[in-house]
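The values are calculated or read from the model by the stated rules, or taken from the named source; none is laboratory data. Just so we're clear, the structure is a prediction, and the values are computed from it rather than from any experiment. So basically every Cβ, Gly included, is an ideal-geometry build from the backbone, and we count neighbours across all protein chains shown.
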Amino acid sequence: MITVESVSKSFNGKTAVDHISFQAYDQEILVLLGTSGCGKTTTLKMINRLIEADSGNILIDGKNIRDQKAEELRMGIGFVMQHSGLFPHYTIQQNIAVVPELLKWEKKKTETRTHELLAKLHLSEEVLSRFPNELSGGQQQRVGIARALIADTPVLLMDEPFGALDNITKADIHSEFKSLEELKNKTIVLVTHDVQEAFELGHRICLMDQGKIVHTGTPKEMLYRPENNFVLNFFAENRLLLEYKVATLKDIAPFLNTEDSYHKPDLSENTSVWNALQTLSSDHNHTGLYENLVKAFNHYRKLQTV
């Protein structure tokens, strides 16, 4: 869906993005991960031409983005900004309706779609008459997502969308984000510096450093097949927790005691070991299974760890 070919960008003679190439596949969440100043936000903004690339090509669905007017390109791409990016002097209803107005939608169509998204994002209709500063951070972020989704574009760009939220609110929105049907047919490029967020939301990750892509792969590949020492060291601090989160019950099944079963109503084979343990920790009837899952996971990771 999105192809970036040898794209570079400099500011005042200083290279921000240095001949990077990657693809974001159809219906994939691709995460651009890295520390501040690595070039990830510049890369994201070049995809919708908020920043123009100095060289290289960017194609969306096989079409070069330079062959379209920038305004027309952006109307076909959803964009969620840092800190929600809502217009402070617009009501929530006006904020959500920005793109439909540019597309000249009928008022009834905009209203119907707005109410549909409010329900999906767990926002009450009473927020529509309020202004952004009257909402909590979590509510503002949900509104920002609604604004980006309203036109139902096939591509969604997200720039540190949850960075300003506290950990509890962030966890709730992550859960809602992953379960939202609206997102399952989109190609999403998400920028973050939060390693756990990248692993929880991304199908694949592009790890960036000093304007270059150091390694692209799935979360498991990042942990167990790192391209070099930079990749290995980047995840070292959170490594054990990340391993718990990327391993599934299906992965560790061969190492479980054959008498054990994890087939509870809320635990499928695709449940992460971390989530399974969180569920079992509150159930005293499954203390033995909890311990055996930990043992099975440790056997599994010994075979994976480089």
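Restricted to region 232-259, and to residues that are acidic (Asp, Glu) and part of a helix (DSSP H, G or I), which residue is surrounded by the most Cβ atoms within 10 Å (Cβ to Cβ)? So that I can check it myself, show each step before the final result.
Step one: list which residues in region 232-259 are acidic (Asp, Glu), which gives 237, 243, 251, 259.
The next check asks that each one be part of a helix (DSSP H, G or I); those that pass are 243, 251.
Values: Glu243: 23, Asp251: 19.
My answer is Glu243.
Out of the strands (runs of 3 or more DSSP E) lying entirely within region 1-74, which hold 3 or more residues that are of a type in the set (S, T, N, Q)?
On the way: elements: 2-11, 14-24, 29-33, 55-60.
It comes to 2-11, 14-24.
Give Val99, Val143, Val80 a once-over and let me know the one that is buried (at least 16 other Cβ atoms within 10 Å of the Cβ), under 21 Å from Val191 (Cβ atoms), of a type in the set (Val, Ile, Thr) and more than 17 Å from the chain's Cα centre (by Cα). First the steps, then the outcome.
Working: Val143 fails: more than 17 Å from the chain's Cα centre (by Cα); Val80 fails: more than 17 Å from the chain's Cα centre (by Cα).
It is Val99.
Going by the structure shown, is Gly78 of a type in the set (Gly, Ala, Ser), part of a helix (DSSP H, G or I) and in the same structural domain as Lys9 (by TED's automatic domain parsing)? Full working, then the answer.
On the way: of a type in the set (Gly, Ala, Ser): yes; part of a helix (DSSP H, G or I): no; in the same structural domain as Lys9 (by TED's automatic domain parsing): yes.
Against the criterion (of a type in the set (Gly, Ala, Ser), part of a helix (DSSP H, G or I) and in the same structural domain as Lys9 (by TED's automatic domain parsing)), Gly78 does not qualify.
Just to check your reading of the model, which residue among Ala53, Ala70 is crowded, with 16+ Cβ neighbours inside 10 Å and of a type outside the set (Ser, Thr, Tyr)? Even if it seems obvious, please write down each step before you answer.
Details: Ala70 fails: crowded, with 16+ Cβ neighbours inside 10 Å.
Among Ala53, Ala70, only Ala53 is crowded, with 16+ Cβ neighbours inside 10 Å and of a type outside the set (Ser, Thr, Tyr).
Considering every residue within region 147-158, establish whether at least one is modelled with pLDDT of 90 or more, under 17 Å from the mean Cα position of the chain (by Cα) and among the polar types (S, T, N, Q).
Yes: one or more hits.
Give me the residue from region 242-296 that is more than 16 Å from Lys220 (Cβ to Cβ) and among the aromatic types (Phe, Trp, Tyr) and, out of that set, modelled with the lowest pLDDT.
If we take residues in region 242-296 being more than 16 Å from Lys220 (Cβ to Cβ) and among the aromatic types (Phe, Trp, Tyr), then Tyr262 is modelled with the lowest pLDDT.
Got a sec? Which of Asn238, Asn185, Asn229, Asn233 is farther than 16 Å from Thr305 by Cβ, out of contact with any Pro (no Cβ under 7 Å at 6 or more places or on another chain) and of a type outside the set (D, E, K, R)?
Numbers: Asn238 fails: farther than 16 Å from Thr305 by Cβ; Asn229 fails: farther than 16 Å from Thr305 by Cβ; Asn233 fails: farther than 16 Å from Thr305 by Cβ.
The match here is Asn185.
Does region 123-137 contain any residue that is hydroxyl-bearing (Ser, Thr, Tyr) and either in contact with a Pro (Cβ under 6 Å, 6 or more places away or on another chain) or modelled with pLDDT under 90 (or both)?
Here is the first cut: in region 123-137, the ones hydroxyl-bearing (Ser, Thr, Tyr) are 124, 129, 136.
With either in contact with a Pro (Cβ under 6 Å, 6 or more places away or on another chain) or modelled with pLDDT under 90 (or both) added as a condition, the list becomes 136.
Scanning region 123-137, I find at least one residue that is hydroxyl-bearing (Ser, Thr, Tyr) and either in contact with a Pro (Cβ under 6 Å, 6 or more places away or on another chain) or modelled with pLDDT under 90 (or both), so the answer is yes.
Let me confirm something: among Thr41, Thr15, which residue is in contact (Cβ under 8 Å) with a residue 40 or more places away in the chain, hydroxyl-bearing (Ser, Thr, Tyr) and crowded, with 17+ Cβ neighbours inside 10 Å? Show your work before the answer.
Working: Thr15 fails: crowded, with 17+ Cβ neighbours inside 10 Å.
Going through Thr41, Thr15 in turn, the sole match is Thr41.
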